[in-house]
Each structure stands twice: as structure tokens, then as C-alpha cells.
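This report concerns only the one structure given below.
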Amino acid sequence: MNSAAPTALIAEDEPLLAAALQMELARAWPELRVLATVGNGISAVKQALALTPDVLFFDIRMPGLSGLEAAAELADQWPATGPGARPFPALVFVTAYDQYAVQAFEAQAVDYLLKPVQAARLQKTVEKLRKPSVERSLSAINPEADLEPTLARLRSLLAGAEAPQVARLTVIAASLPGAMGASIRMVPVDEVMVFEAADKYLRVLTASAEYLIRTPLKELLAQLDPQVFWQIHRGTLVRASLVDTVTRDEAGKLSLTLRGRPERLAVSRLYAHLFKAM
């Protein structure tokens, strides 16, 4: 993959499976150095940023963040611009999903390994990772532009992993901060400007008030119109019609403001494509 020995990070929450994958990799790809093995999505992001490996083997189902969520979070934080810019690692997902889900990975040209990992299938993955096209990708002159196809694939896979569509919400039963559950306000969805994850709650922001609900953002997404509420970050939805300004800082990070709200909201790299024409 480069002049030095290729490197990898394994993220797998089952230690025996992680050890088995590392053992099979040592046989199939003796030159590969596994820099670390971690057991959850948050550690996967942290270690990948610290170690900048050439290849990531991410389990789909992990505590904290799923493999898809960890890959998206890592892509958002990856140093693709500036003096320390590096090409994004090659991604391999390890999954116990059924064949239907595997077809989604194949459609997005993302390599995957089914559990338990078989030596013959792993050998095919190693051969794919060693192809000249991958080598060129890893030595790209413009790492930020090279990252865009990965972002597009992750967006598609994350959309496919969302809960099935259900009836659209029209009102939300929410509580005031500091009075969770003590009193309930029925907030019309038409008044909501922002949904933002905050610890174990979800903040519901209108033009004049803030409320809290316990519904996870993933669950809420299936009940909202994606043309009305845009996801701009892993934990943030905004009413698209109220986007006022979108700015880029010196590090290339996007943020936006909404008409009627004072805060500036971060836009992750995964959703920056929404504002390319603005």
C-alpha cells in the first residue's frame, strides 16, 4: 500500500472474534501490522485518529457507536486538509447481517466480511486491498477529494440502516428542562426548528423555547419528513427552510445559523454536500 509496512486497526467488541481475525490476517497478509484492537465505536474513532492506519476492520454492531456510525464520525474528523492531510483508510466492515443487508454493502462497493470470518473470503479481501487502485487512493494528491466517494457510500449505508418509515409526527410530547416528566407540553412539529442530541435526551428547539424528549434521534428520523428536516450532524436535525447562513472556517469546517435562533450549529463533513450549491 505504501513504501512502509501497511497498518490496520481492528474494532470488534467480542475479544475471541477480534483475536481470530488478527490471527487470520497474519496468515493472509504477513506484512500487515495491526496497530491496535478496540472493543467499541468511540474507541475506534479515537484510536484511528491517533494511529492513522491504512486499513480499518470495523464490526457493524458495537457499543457506543455502530461500525457505520464510527466510520462516519471518523470521516468527519479525519485530517484530509492542511499540512498533516492523509488519505482516508480503506474500510472493511465485519458483519453478521443476512444476505439482503450484504447486498447493500456490495452495491456501495464497500468490502465486508461475514462472521465467522473464513480464510478464503479474507484472502479475497486482502487481494482487493492490495490492488493498484487502492494503492493510488491511499497516495492521492488531494485527500479531501478522495474522501468524497467514501462519504457518499457511508451516507447511503446509513440511510439504509435507518428504521422503516412510520406515520409522520404532527405534535411532540415534551418536557421543559429541569422538569422532565413533571409536566408535558404538546409541541407542534411545525414550530420545531432544531432537534439536537444532548446526553440521554433530545433537545427540541423552537423560536422561543427549549424542551426535552427521550426519543432517540434514530427513532425520530423515521417519523419526520426528510425534505423538511435535514440531518446536518450525527446528533442534529434542522428545519431546512430556516437555514440562514452557512460558513466555512479556516480549517474547512462548515457551520450554519437559522433564522430565529442565536446558536451556530456544526455541519459534519458527511452532510456538507447539502450546501455545496449555497
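A few comments on the model shown:
- Residues of the range 48-103 that are charged (D, E, K, R) and in contact with a Lys or Arg (Cβ under 7 Å, 6 or more places away or on another chain): GLU69, GLU73, ASP76.
- Qualifying residues in the range 70-112 (those that are within 19 Å of HIS233 (Cα to Cα) and either in a loop (DSSP other than H, G, I, E, B) or among the charged types (D, E, K, R) (or both)) - the one modelled with the lowest pLDDT: ALA80
- Residue match in the range 43-50 (condition: of a type in the set (Ser, Thr, Tyr), modelled with pLDDT of 95 or more and not assigned by TED's automatic domain parsing to the domain that holds VAL267): yes
- Selection of strands (runs of 3 or more DSSP E) fully inside the range 1-59 by the criterion of at least 3 residues being more than 18 Å from the chain's Cα centre (by Cα) returns 33-38.
- In the range 210-264, residue nearest to THR81 (Cα to Cα) [restricted to those that are surrounded by 15 or more Cβ atoms within 10 Å (Cβ to Cβ) and either among the hydroxyl-bearing types (Ser, Thr, Tyr) or touching a Gly at 6+ places or on another chain (Cβ under 8 Å) (or both)]: SER255
The values are calculated or read from the model by the stated rules, or taken from the named source; none is laboratory data. Computed from a prediction, not measured in an experiment: that's the story for all the values here. Don't worry about glycine lacking a Cβ; one is built from the backbone with ideal geometry, like all the others, and counts go over all protein chains shown.
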